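Colleague: Can you read through this structure? Questions will come right after.
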Amino acid sequence: MLELRPNCELCDKDLPPDSNEARICSYECTFCAHCVETVLHNVCPNCGGGLVNRPIRPSVARRPGVSLQHDPASTRRVNTRYSRQEIESFAHGVKDIHPAKR
Ligand SMILES: [Zn+2]
Ligand SMILES: [Zn+2]
């Protein structure tokens, strides 16, 4: 199940489960839209993959047993282990390769 992480891994901005600003990679690494646009350039700094809008889990169970109430968002904040400078350099080297070709 998709882990709904509570913050941007780079700038630590809060990204609640209903946020429209959350972006994720295939490993669920989570960033805010601003960091994706200005620093990451669609490159996850942990895996090199592309980033897409994180889907919003329904707050109400429209089907039995499936909702944010049943499967709440994670509260464990994750922060990148790479420096901003290292991330900028990494993203620069990968951003011009289409995610499907990485
Ligand atoms: Zn951010
Ligand atoms: Zn990643």
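The values are calculated or read from the model by the stated rules, or taken from the named source; none is laboratory data. Remember, predicted model here, so these are calculated numbers, not experimental data. Every residue, glycine among them, receives a Cβ derived from its backbone with ideal geometry; neighbour counts consider all protein chains shown.
Let's see how each residue does on (1) assigned to a loop (DSSP other than H, G, I, E, B); (2) farther than 20 Å from Lys95 by Cβ; (3) within 16 Å of ligand 2 (Cβ to nearest atom); (4) among the small types (Gly, Ala, Ser):
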site: Tyr27; (1), (2), (3), (4): yes, no, yes, no
site: Phe31; (1), (2), (3), (4): no, no, yes, no
site: His34; (1), (2), (3), (4): no, no, no, no
site: Val39; (1), (2), (3), (4): no, no, yes, no
site: Pro45; (1), (2), (3), (4): yes, no, yes, no
site: Gly50; (1), (2), (3), (4): yes, no, yes, yes
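Colleague: Then there's this: Which of the residues spanning segment 1-47 are aliphatic (A, V, I, L, M), buried (at least 19 other Cβ atoms within 10 Å of the Cβ) and either modelled with pLDDT under 95 or within 17 Å of Ala73 (Cα to Cα) (or both)?
Modeller: Answer for segment 1-47, where residues must be aliphatic (A, V, I, L, M), buried (at least 19 other Cβ atoms within 10 Å of the Cβ) and either modelled with pLDDT under 95 or within 17 Å of Ala73 (Cα to Cα) (or both): Leu4, Leu15, Ala22, Ile24.
Colleague: Moving on. Pairs please, first residue from segment 21-40 and on the phi > 0 side of the Ramachandran plot, second anywhere and within 14 Å of ligand 2 (Cβ to nearest atom), Cβ atoms under 9 Å, 6+ apart in sequence or on different chains.
Modeller: These pairs meet every condition: Glu28/Leu2; Glu28/Glu3; Glu28/Arg5; Glu28/Arg54.
Colleague: To continue, here is another question. Looking only at segment 48-94, filter to residues that are over 18 Å from Tyr27 (Cα atoms) and in contact with a helix residue (DSSP H, G or I) (Cβ under 9 Å, 6 or more places away or on another chain); which one of those is surrounded by the fewest Cβ atoms within 10 Å (Cβ to Cβ)?
Modeller: Arg84
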